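Okay, so here's the structure we're looking at.
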Amino acid sequence: MKARVAAFRPLILIFAGFVLVQAVSAAVLFALKLGLGPASIESFYRGSATAMTRPRSLTGLLEVAVPHLLAVPLTLFIVIHLVGWAGLVAREALQVLARLSFGLALVGLVAGLGVRYLWPWLSVVKLLAFAGLELTLLAWVLLLVHAFWRREPQPVDTPG
Amino acid sequence: MRFLISPTREALSRSRPPVQLFLGFGAVLLLALVGQRGVEGELTASGVFERYLGSGDPSEVMPVAALVESLHVSAFVYGFLWLMLGSLLVVSPVRERLRAGLTFGGAAACAFDLASPWLVVGLHGAPLLRVASFGLALGFLAVSVVVLGRTYGREPA
């Protein structure tokens with residue numbers, strides 16, 4: 001088992017690199033498009049008379065949401081799978097971090113629709129959920145990098 | 001995933017048909033990527049220059065948001081492709097040097113392809129970098145697909 005994890009270590013490091021690029025580029029895109037404050041996020045979704053922008057259409061929102069509803073959980077699933085397989089953290093801690101990551105991802109995706117169609121104050125939730133997801137992604141990447149450098153991994157789980 | 005963790009001969013042989021189908025889709029994806037780059041004019045130096053730098057006027061340079069968006073999507077595609085292809089290479093009967101060359105060379109080529117639009121914009125020229133980076137990334141991916149198609153699930157020669 002240890003030998004098998006060792007064979008996959010370089011791939012784990014490569015994948016961590018690509019996930020880091022995804023997370024950093026997502027943060028930059030968020031800052032460029034939505035801004036870093038609740039007011040600018042609200043303006044992005046609901047439009048602004050001063051900035052002369054229209055509210056986001058449902059088509060536009062779904063065009064962004066649908067691919068992310070596949071890509072974000074898939075990325076989290078693989079990352080969690082690899083960290084669990086490498087046996088880097090205790091099962092309970094793995095579950096807590098996994099639930100937190102998936103929860104933040106879902107809240108972040110849904111909050112955008114909420115800002116547009118329900119309550120503007122959900123922009124705060126959107127911002128916090130995105131920041132939280134970015135932090136958990138960073139934690140997963142660091143764990144993957146640790147998996148590469150660690151000499152004797154002790155598998156906790158071997159998901160099929 | 002079980003066949004990657006416990007790669008017995010029987011498990012690998014049994015998983016060969018679905019892996020072959022996956023590799024078939026991989027080949028279609030590569031063709032689609034070539035088509036996409038072609039439609040966007042990114043297979044020639046002049047097309048790359050026009051796409052990223054317009055006529056050369058600073059006002060026509062591709063916006064940062066568009067560059068980041070492209071980086072974001074491509075990192076997802078390349079990341080998953082190399083994780084899958086690299087994992088299959090680990091359990092395939094290929095020489096260690098070939099496996100390492102494809103895995104590290106391919107990942108480096110894809111990283112170069114992620115960086116090349118920024119290099120073209122940053123250098124305000126050198127569009128051939130973008131053409132070359134895609135050629136390299138595509139080459140490594142295509143060779144990996146072919147090598148896996150021929151070796152995965154088979155007895156070592």
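The values are calculated or read from the model by the stated rules, or taken from the named source; none is laboratory data. Bear in mind that the values here come from a model prediction, so they are computed numbers and not experimental data. Glycine also receives a Cβ, built like all others from the backbone with ideal geometry; neighbour counts cover every protein chain displayed. Accessible surface is based on the protein model in full, side chains and every heavy atom, while ligands, DNA and RNA are left aside. Shrake-Rupley method; radii C 1.70, N 1.55, O 1.52, S 1.80 Å.
Listing for the model above:
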| quantity | calculated |
| --- | --- |
| Scope region B:49-61; condition in contact with a helix residue (DSSP H, G or I) (Cβ under 6 Å, 6 or more places away or on another chain) and either farther than 11 Å from B:HIS124 by Cα or open to solvent by 30 Å² or more (accessible area, probe 1.4 Å) (or both); matching residues | B:VAL61 |
| Region A:117-126, subset assigned to a helix (DSSP H, G or I) and surrounded by fewer than 21 Cβ atoms within 10 Å (Cβ to Cβ), residue farthest from the chain's Cα centre (by Cα) | A:TYR117 |
| Failed criterion for B:LEU119 (all others in (1) part of a helix (DSSP H, G or I); (2) within 13 Å of chain A (Cβ to nearest Cβ); (3) over 15 Å from the mean Cα position of the chain (by Cα) hold) | (2) |
| Residue match in region A:34-49 (condition: in contact with a strand residue (DSSP E or B) (Cβ under 8 Å, 6 or more places away or on another chain), surrounded by 15 or more Cβ atoms within 10 Å (Cβ to Cβ) and away from every other protein chain (no Cβ under 14 Å)) | yes |
| Residues located in region B:85-106, provided they are more than 9 Å from chain A (Cβ to nearest Cβ), surrounded by fewer than 20 Cβ atoms within 10 Å (Cβ to Cβ) and either within 12 Å of the chain's Cα centre (by Cα) or among the polar types (S, T, N, Q) (or both) | B:GLY105 |
| Only listed residue being free of Cβ contacts under 8 Å to residues at least 12 places away in the same chain, surrounded by fewer than 20 Cβ atoms within 10 Å (Cβ to Cβ) and not in a helix (DSSP H, G or I), chosen from B:ALA65, B:ALA126 | B:ALA126 |
| Elements of type helices (runs of 4 or more DSSP H) in region A:1-115, at least 3 residues being aliphatic (A, V, I, L, M) and in contact (Cβ under 8 Å) with a residue 40 or more places away in the chain | A:2-33, A:58-86 |
| Selection count where residues are open to solvent by 90 Å² or more (accessible area, probe 1.4 Å) and among the polar types (S, T, N, Q), scope region B:19-48 | 1 |
